[in-house]
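Heads up, the thing below is written out as structure tokens.
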Amino acid sequence: MPGLTIGDTVPNFEVETTKGRFKIHDFIGENYVILFSHPGDFTPVCTTELCKMAAYSEEFHKRGAKLLGLSCDDVHSHIEWIKDIEAYTPGSKVTYPIIADPNREIIKQLNMVDPDENDSNGKPLPSRALHIVGPDKRVKLSFLYPASTGRNIDEVVRVLDSLQKAAKYKVATPVNWKPGDPVVISPNVSNDEARDMFPQGYTTADLPSKKHYLRFTNVE
Ligand code: BEZ
């Protein structure tokens, strides 16, 4: 079965987590959700990632986004591991749930298996997958990293900002965009429409093709 990808609806599994059992769609509700997996509890890179997610909880909350971690060990192991995570970054609290997936049923269906990593019993381990899921329960963006590469949580916040801008206005964010930078107007917006939609104005790059497709504007 092909794994979960952009545009797919996240399956509505009932999951067991450090914050109790719930169905994924109920957890999403009307929010964005950052669903992120880890190869295993009590491992070094994962510990640093979960710490940083805890430290950035307020940034996600401000953007109407909830965090949902996943590691394939059981809930008891997760709860013991959280003590290490919180001790490593004093002041940060893991307030988000972490899914347990000891039978690997969830990681297989969510496209979160690392083909190169197995535990000591030969069972598959999760990759560092991360899906940003929209309030419509569909995947908006996915990262897939191997166990050896920790993710950049600033980049997760940046792409969430980009997704939310694109959802609000008919715009896209160009290379290396960061909040406050100009955005580009989507190619399917005509110049007439653009004048109405962006009363603040826009500039058009003068290109050899003389095609006016690279149009910059500023939005809040
Ligand atoms: C880590 O989190 O450091 C890790 C986990 C599994 C394999 C390699 C590294």
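Strands (runs of 3 or more DSSP E) wholly in segment 29-111 with at least 1 residues that are modelled with pLDDT under 95 - which ones?
32-38, 65-71
Since Leu35 meets every condition but one in (1) in contact (Cβ under 8 Å) with a residue 60 or more places away in the chain; (2) within 16 Å of the ligand (Cβ to nearest atom), which condition does it not meet?
Answer for Leu35: the failing condition is (2).
Counting only residues that are more than 16 Å from the ligand (Cβ to nearest atom) and either not hydrophobic (A, V, I, L, M, F, W, C) or not assigned by TED's automatic domain parsing to the domain that holds Lys23 (or both), which one in segment 116-141 is nearest to Ile99 (Cα to Cα)?
So, considering only residues that are more than 16 Å from the ligand (Cβ to nearest atom) and either not hydrophobic (A, V, I, L, M, F, W, C) or not assigned by TED's automatic domain parsing to the domain that holds Lys23 (or both), the one nearest to Ile99 (Cα to Cα) is His131.
Please specify each residue of segment 118-129 satisfying the condition of being in a strand (DSSP E or B) and buried (at least 16 other Cβ atoms within 10 Å of the Cβ).
Pro124, Leu125, Pro126, Arg128, Ala129
Taking segment 175-192 as the search range and keeping residues that are touching a residue at least 12 places away in the same chain (Cβ under 8 Å) and farther than 26 Å from Asn31 by Cβ, which one is surrounded by the fewest Cβ atoms within 10 Å (Cβ to Cβ)?
Asn188
Of everything in segment 38-64, what is surrounded by fewer than 21 Cβ atoms within 10 Å (Cβ to Cβ), closer than 19 Å to His131 by Cβ and more than 16 Å from the ligand (Cβ to nearest atom)? Give them in sequence order.
Once the filter is applied, which keeps residues that are surrounded by fewer than 21 Cβ atoms within 10 Å (Cβ to Cβ), closer than 19 Å to His131 by Cβ and more than 16 Å from the ligand (Cβ to nearest atom), segment 38-64 yields Tyr56, Ser57, Glu59, His61, Arg63, Gly64.
Looking at segment 130-156 only, could you name the residues that are of a type in the set (Gly, Ala, Ser) and not in a loop (DSSP other than H, G, I, E, B)?
Ser142
The values are calculated or read from the model by the stated rules, or taken from the named source; none is laboratory data. It should be emphasised that the depicted structure is a prediction, and the values quoted were computed from it without experimental measurement. Heads up, the Cβs are rebuilt from the backbone with ideal geometry, glycines too, and the neighbour counts pull from every protein chain shown.
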